[in-house]
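A short write-up of the structure that comes next.
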Amino acid sequence: MKKEKMYPTDEIKVKDEFAPYVTFEDMPGGHKTYIKVPNKYDVELSVYNLIPGTSVIITHSYLNDYFTKSDELLEYEHPEDNLLINFIDSGSYRFEVSPNKYAFVKNNYLSMYKKNMLPNSFSYVGEVTIVHIIINKKQMPHISDYFKDIREVINYYFDVCENENAIIFKTPEKILNIVEEIKEFDFKKDKSKRLLFILKTLESLLFLYEIEIENEKIDQRTYSDETIRVVRYIKNSLSRNIASYVSLETLSMSYGINLTTLKNCFKDMYGKPLYTWYKEYKFYRAKELIKNTDYPISKIAYMVGYKSSSKFTKAFKKEMGVLPSSYRKNKK
């Protein structure tokens, strides 16, 4: 397969720095690009070139839990001509809405932006699945009256993104259903599936056109790169020291971060409040120790921060529905 056929349009390609880690594969209706960088990336891009100037990329990825300035995999020769609409199906990603201001977009939300206005755009966090619609304004057809209305819709999106910079809002239910169909399409049966794929993609664009995007846009909390790094460090530190108890107030003072900012940023990054995550993580570690070691339950209780074995047993049963001893017996 020729390399140039691997990209959504003639103007988009995988960055040269990732070339040694890229493999390609044909598939019905499009192609797959795999980017596997040891200890960093494990990304699968399913690329479907539809009508000229419009492509869909379904991204399944895993990124280790750390952040860099930009985790972009693709580069654009003329970013000013490209608009991206990103429907997040699962996971979350960090989205650069302006220089050194980042928001976290979760599943069932979408982001929309012009590539030249947000050159670093977003980076993945953990396991993520995203359906991207990429539109190149210059490559849209000019010759057919059939495409006239489509071009007007596309021009509207470009105008909105020019005025709003970055747009984030909850994906309407009917568009979520379409995105789910797009993600699950099977091209192996017949060519009509490809035509249906095109129609469903256009349908999602038209549904977006029906709503008042400017009114749907939400005011997303944003954080600096430094704040994100501090919160990530706090999480990693807590995961290594689950036997101790540290209050949120103490963490705030120790790391020099505003308490409200700490709470909000942690929840936006990891999808749940810090205390809830910490409690769940303690039980996760406790289950692993009960299942994989012969340590007494009393010792495991102490290892995960409980001074009383009876309190741990009570808490474990409330959380798991069984006593620690029964859990060990069932897992052996």
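The values are calculated or read from the model by the stated rules, or taken from the named source; none is laboratory data. The model shown is predicted, which means the values in this text are computed figures rather than measured ones. Cβ atoms come from the backbone with ideal geometry, glycine included; neighbour counts cover every protein chain shown. Calculation scope for accessible area: heavy atoms of the full protein, side chains included, ligands and nucleic acids excluded. Shrake-Rupley method; radii C 1.70, N 1.55, O 1.52, S 1.80 Å.
What pairs come out if I take residues in the range 29-56 that are under 20 Å from ASP16 (Cβ atoms) and pair them with residues that are surrounded by fewer than 18 Cβ atoms within 10 Å (Cβ to Cβ) and of a type in the set (Val, Ile, Thr) whose C-beta lies under 8 Å away, six or more apart or interchain? Sorted first by the residue in the range 29-56, then by its partner, the pairs are THR33/THR23; TYR34/THR23; LYS36/THR23. Going by the conditions given, is THR260 part of a helix (DSSP H, G or I), of a type in the set (S, T, N, Q) and surrounded by 12 or more Cβ atoms within 10 Å (Cβ to Cβ)? Considered against the rule, which asks whether it is part of a helix (DSSP H, G or I), of a type in the set (S, T, N, Q) and surrounded by 12 or more Cβ atoms within 10 Å (Cβ to Cβ), THR260 comes out as no. Please find, within the range 287-325, the residue that is least open to solvent (accessible area, probe 1.4 Å) out of those that are without any contact (Cβ under 8 Å) to a residue 24 or more places away in the chain and under 13 Å from ILE242 (Cβ atoms). The qualifying residue least open to solvent (accessible area, probe 1.4 Å) is ALA301. In a residue-by-residue description of the range 117-129, the property of being more than 17 Å from the chain's Cα centre (by Cα) and modelled with pLDDT of 85 or more applies to no position. Here VAL230 fits the description: in contact (Cβ under 8 Å) with a residue 12 or more places away in the chain and either under 23 Å from VAL128 (Cα atoms) or not charged (D, E, K, R) (or both).
Of all residues being of a type in the set (D, E, K, R) and more than 22 Å from the chain's Cα centre (by Cα) in the range 230-266, which is nearest to PHE283 (Cα to Cα)? Just the residue, please. Before you say what the answer is, go through the steps one by one.
First pass over the range 230-266, keeping only residues of a type in the set (D, E, K, R): 232, 235, 240, 249, 263.
Remaining after also requiring more than 22 Å from the chain's Cα centre (by Cα): 240, 249.
Numbers: ARG240: 14, GLU249: 23 Å.
Once the filter is applied, the top-ranked residue is ARG240.
May I ask you to list the residues in the range 157-187 that are within 20 Å of LYS106 (Cβ to Cβ), open to solvent by 70 Å² or more (accessible area, probe 1.4 Å) and not in a strand (DSSP E or B)? Residues satisfying the conditions are GLU173, LYS174, ASN177, GLU180.
Being at pLDDT 75 or above and surrounded by 21 or more Cβ atoms within 10 Å (Cβ to Cβ) is a condition met by no residue of the range 137-156. Applying the selection to the range 228-257, what residues are within 24 Å of LEU289 (Cα to Cα), among the aliphatic types (A, V, I, L, M) and not in a helix (DSSP H, G or I)? Selection gives ILE242, ALA243, VAL246.
Taking the range 14-66 as the range and being of a type in the set (A, V, I, L, M, F, W, C), under 23 Å from LYS137 (Cα atoms) and either at pLDDT 85 or above or assigned to a helix (DSSP H, G or I) (or both) as the test, the residues that pass are LEU45, VAL47, VAL56, ILE57, ILE58.
From the list LYS200, LYS235, LYS170, the one residue that fits, being in contact with a helix residue (DSSP H, G or I) (Cβ under 6 Å, 6 or more places away or on another chain) and modelled with pLDDT of 85 or more, is LYS200.
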